[in-house]
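Here's the structure we're looking at; comments come further down.
The values are calculated or read from the model by the stated rules, or taken from the named source; none is laboratory data. Worth saying up front: this structure is predicted, and the values here are computed from it rather than measured. No Cβ is skipped: glycine too gets one built from the backbone with ideal geometry, and neighbour counts run over all protein chains shown.
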Amino acid sequence: MDIYHPVSDKIRGMLEKERIWFETFEHAPVRTSEEAARMRPGYSLHEGAKAIIIRVKIEDGGKKFAMLVFPADLRFDINKVRKLFMAYDIRFATEKEISELTEGIEPGGIPPFGSLFGIELIADPKLFLSEKMVFNAGDRGFR
């Protein structure tokens, strides 16, 4: 019997409530978007939504976490993100920070819904140019 992260049910409920068509895939655990794309027949890497959590330091000394979501075939551009947040320091959240922010989700399994975790979400508009979007829903695959 597979064990799913509880956020999977929340995502399913949101999609059903909004009457959004979806399908699910089960596959061996993966860490990268490229590995996940190979496990999802019929979907391109570009249709994958890569969700990452970063920690941002701004000039007044404040810190915050934010979720960035973009097509999986694109690369993280620290200069664009630094400019977007007007930040002097940006880094990827640690595995421990991700786990604390998301109630145990591991890197590679982060779903693209910052609101589920109270995290600011910044989505690349290119995500919405594809008819379909594929993403992890709390797990890096299913064991």
### Task
Inspect all residues belonging to segment 117-133 and state whether any of them is assigned to a helix (DSSP H, G or I), touching a residue at least 60 places away in the same chain (Cβ under 8 Å) and not aliphatic (A, V, I, L, M).
no
### Message
Can you tell me which residue is surrounded by the most Cβ atoms within 10 Å (Cβ to Cβ) among those in segment 37-87 that are over 15 Å from the mean Cα position of the chain (by Cα) and among the β-branched types (Val, Ile, Thr)?
### Response
Val56
### Query
Is it the case that segment 88-96 has a residue that's within 13 Å of the chain's Cα centre (by Cα) and either exposed (fewer than 12 other Cβ atoms within 10 Å of the Cβ) or among the hydroxyl-bearing types (Ser, Thr, Tyr) (or both)?
no
### Query
If you take just the strands (runs of 3 or more DSSP E) that sit entirely in segment 1-97, which of them hold at least 3 residues that are modelled with pLDDT of 85 or more, of a type in the set (A, V, I, L, M, F, W, C) and more than 18 Å from Asn136 (Cα to Cα)?
87-92
### Task
Return yes when Ala28 is surrounded by 13 or more Cβ atoms within 10 Å (Cβ to Cβ) and of a type in the set (A, V, I, L, M, F, W, C) and no when it is not.
no
